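We did not get these values from a lab; they are worked out from the coordinates using the rules stated. Worth saying up front: this structure is predicted, and the values here are computed from it rather than measured. Virtual Cβ from ideal backbone geometry, glycine too; neighbours counted across all protein chains shown.
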Amino acid sequence: MSDLHALLLRQLKRAGVTAETPPTAQQWSELCTTVSRTYRAADEDRYTIERSLELTSAEMNTLYKRLSEENLRLERELDIARVLQTSLLPKAPQVPSFDVAGRMIPATEVGGDYYDVVPVDGACWVGIGDVAGHGLRAAISMLMAQSMIAALVRAFPSAKPSELLRLANAGLWEGTRKRMGIDDHMTCTLMRATTDGAIEYAGAHETVLVSRRGAPCERIESSGTWLSVVPDLADLNPDARIQLSPGDLVVLHTDGVIEEQNSAKEEFGLDRLAALVDARRDAPLGDLCDEVLGAVSAWTRQQRDDLTVVAVRYLGT
C-alpha cells in the first residue's frame, strides 16, 4: 500500500497538482487510469505469490510424506538387521577346558559385526569379524558368513582355520560379488582352541590381546587377508598358533571398541582396552565384557559403530 501511495504522490506532482490547484478532468482521468492499472498489477502479483505459496506448500507436503515413508522403510530395514545380527549370537556356550563370554551392542545404524562360539569334539571354534558398511545389506552379508563358517566348523572340526576361511571366502565371493552384485568385504579371525590350551588361528581382523598372569597384555597382529576381496585366498591366510597356560586370557574385539571417540575426538584406543583387560583379567568373563563395553559407551558421545568383545579363558585340562 505504501508503494501505491508513493506512486499516487508522484503522479500528482508530475501533473502539477497541488492543494491550491486541483486536477483537471483529463488529469484526473489519467490519474485514475494509472492508479487502477497499478492496483491491478499489484493484485495479480499478490495472486501469483499466493498461488506460488500454495504450490510450494503442496510440494513440501508431498516431499514430507515421501521422506516419512522412506524413514519408515529404513527403520523397518534396521529392525530386521538388528534381529538378524543379534538372534544368531551364541547363548552361554559350554566349552570343555575353556570359559567363554561375548557381548555385542549394535549401533543405531546397524553394522556387520559378527562373533560365534561353536564347541566340537575336543575343541572349540571362535570367530569374530566385521562386514564393511551398515544396514540391512551388511547384516545379510554377515548372516551368510556366520551360516557358512558355522556349517564348515561342524562339518570339518579338525580342519585348519586357513582352509575353512578359504572355503568361506569362496562362498562369500559367489554370494556377494557374483549374485548380489555388491563389493562388500569382511574382516575375520577364526580360531580353533583345543583342550591342551593351544589356539590355532588365521584371518585378518583387529589386534588379539593375550593377558597372562603377572605380565601386561601381549598384542598379536593378524597377518591374513579380508574375506570377499579376491575369489581365492589360496595361501593368503597363513595359520598361526598361541599356547595358553591355565588362567591365560584371550580377548577379541571389533574396531568399534577402540575407534569410538569422546567429545575431543580422541579414540578410546587399544591402550585403554589393554589396561582394562589387565586390571580385570581375573573377573568373571561376562563381567569383563560388560565393563569393556560400559567403559567405551561412557567414553563416546554417540555410538557410531557396533561394539563387540569376546573373552576366552583357558581353564586347563
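Remarks
- Electrostatic tally near Ala234: other residues with Cβ closer than 13 Å to its Cβ, Lys and Arg +1, Asp and Glu -1, net -2.
- Distance (nanometres) between label positions extended 7 Å along Cα→Cβ at Lys91 and Ala234: 4.4 nm
- From the largest down, the range 167-317 spans 47, 45, 21 angstrom on the principal axes of its Cα atoms.
- Neighbour net charge for Met180 - beta-carbon separation under 15 angstrom, K R +1, D E -1: +1
- Karplus-derived HN-Hα couplings along the range 151-165 (A = 6.51, B = -1.76, C = 1.60, θ = phi - 60°), whole Hz, x at Gly and Pro: 5, 5, 5, 6, 6, 10, x, 9, 6, 6, x, 4, 5, 5, 5
- nm² value of the averaged projected area, convex hull over the Cα atoms of the range 238-305: 5.8 nm²
- Computed lengthening from Thr317 to Arg241, 0.36 nm per intervening residue step minus Cα-Cα distance: 25.5 nm
- Computed over the alpha-carbon pairs of the range 184-269, the distance histogram in 10 Å steps reads 15, 39, 31, 13, 1 percent, short to long.
- Backbone HN-Hα couplings from phi across the range 280-285 [Karplus 6.51/-1.76/1.60, Hz, Gly and Pro as x]: 10, 5, 9, 6, x, 5
- Full extension of the chain segment joining Ala298 with Lys160 gains 45.8 nm, where the gain is 0.36 nm per residue of separation less the Cα-Cα distance.
- ³J(HN,Hα) computed for each position of the range 262-278 - Karplus, 6.51 cos²θ - 1.76 cosθ + 1.60, integer Hz, glycine/proline x: 8, 5, 8, 6, 9, 6, 4, x, 5, 4, 5, 4, 4, 5, 5, 5, 4
- Cα shape, the range 152-229, gyration tensor, a/c 1.5 rule: oblate
- Counted by Cβ distance under 13 Å from Ala275, the other residues give a net charge of +1, where Lys and Arg count +1 and Asp and Glu count -1.
- Pairwise centroid distance, computed over Cα atoms, of the range 119-147 with the range 245-317, Å: 19 Å
- Segment Arg212..Leu67, full-extension length gain: 46.8 nm, with 0.36 nm per residue of separation and the alpha-carbon distance subtracted.
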